[in-house]
Amino acid sequence: MWSWAEYIADLLVARLAGLDISRGAGAALHFFIYDLLKITVLILAVAFVMRLVRQALPMEKLRAWLDRPGARVFGYPAAALFGALTPFCSCSSVPIFLGFVQARFPIGVAFAFLITSPLVNEIAVVLMGVAFGWKLALAYAVAGVALGILGGAALSLLRAERWLVPGASMPPDEDDEPPPRGWRARFADAADTSLYIYRKILPWLVGALALGSALHGFVPAGFFERWLAGTGAWSVPLAALAGLPLYVSANATIPLLEAFVAKGVPLGTALAFLLSAVGVSVPELVLLRAVMTPRLLAAFAAVVLVGTTIIGWLFNALG
C-alpha cells in the first residue's frame, strides 16, 4: 500500500542524495520522508472521511447511546478490536484517534482504539505464533486488547476529555453547525476540515518524525539488549521506560523480540520494552501534544506503561 512512499524516499535519499539508507544519516532521512508521506496521507484521508461520516450520521444520537454506561460495555471492546485489525504504528494510529475525537465520541472509546491499534495486529500475532507458539501468541493478542479496553476505561474514569487541547480537532464554533447541502459543498467542507487539522498538527508531526528518525538512524545495534538481561522484578518496569524513546511497529517487534530472547533477555522483559516502544513512544507523544495537554499525555503514558509492565510480569511468570 505504501510502496509509492518508499519509492519516493528511496529516490530522494539513495539516488539523488547518494546516501546509504541502511544506516546513519541515510537511514534517518529515509525514515523521515517515508513516514511523513504516509502519515500525511492518513491524516488528510481520515479527517476527510470522518467529516463526511459526521455529516451523514445522527452523531448526537450515536454519542448519546455511547455515553450510556451499559453501551460502553460494547463500545470499548469494539474500538479495541477495531484497533487490533488496523495494521498501524503508533503515529499512524493518531489520525484515526483524531477522527474519534472530531466526532466527539466518548474519550474512553477513542483511547481504547489508540492503545490497542499499534500493539496488536494479525500479522504480529502470526509472527508471534511462529516464533514462540500459538498459546503465547493468543496470550499476547488478548493482553493487548485487554490493555486497550481497561486503559480506555481508566482514562474515561479520569474524565480525560477535560485535558484535551481546546478546539483540538475542529475549527472553532463549527462542530454543531448543520451539514452543508449537496455533495460538492460537503466535499469542500470535508476538505477544509482535513486541511485545518493537518495544518494544526504539522509542526508536531515534523518534530515527532525528526526525533524518531534520529533514533532510527543513530542508536547503535545491540545498545538496548545489553541493558535488559536482568531478571529482577524491577527489570520489567525499567525495560518499559527504556522503550519510550524508540518508535517501531508491531510487525517489527517480533523479530526484535526473538533477537532479545536469544541474547538472554527474559521474554516478558523484552516484551515490556518493545510494547512501550510500539504503544507510547516519545515521537507519538510529541505528535499527540497537538491535541492533548501535558497532563493528559502523562496520564495516557502512565496507563500504557503500567499495562505493559503488568503484561511483562505475566509473560515472565508464564516462562
Which semi-axes, in whole Å and largest first, does the equivalent ellipsoid of the stretch 1-55 have when worked out from the alpha carbon gyration tensor as the square roots of 5 times its eigenvalues? 30, 9, 7
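For Glu258, Glu284, Glu122, what ranking results if the residue with the fewest other Cβ atoms within 10 Å of its Cβ goes first?
Fewest-to-most ranking of Glu258, Glu284, Glu122: Glu122, Glu258, Glu284.
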When Lys200, Lys135 are ranked with the fewest other C-beta atoms within 10 Å first, the list becomes Lys135, Lys200
Stretch Trp134-Val49 to full length: gain in nm at 0.36 nm per residue minus the Cα-Cα span? 26.9 nm
Test of understanding: what is the full-extension gain from Glu122 to Leu314, defined as 0.36 nm times their sequence separation minus their Cα-Cα distance? 67.0 nm
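Given the stretch 264-319, what whole percent of its Cα pairs are spread farther than 16 Å? Present the calculation step by step, with values, prior to reporting the outcome.
On the way: 687 of 1540 pairs.
Cα-Cα pairs in the stretch 264-319 separated by more than 16 Å: 45 percent.
Using mean Cβ contacts within 10 Å as the protection proxy, how do 265-273, 24-32 order, highest first?
Ranked from most to least packed, the peptides come out as 265-273, 24-32.
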Residue-span extension gain [Met1 to Ala298] - 0.36 nm each, minus C-alpha spacing: 103.6 nm
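Read the figures in this text as sums done on the coordinates, not as results from a lab. Every value quoted in this text rests on a predicted model; they were computed, and no experiment measured them. Backbone-built Cβ (ideal geometry, glycine too); neighbour counts: all protein chains shown.
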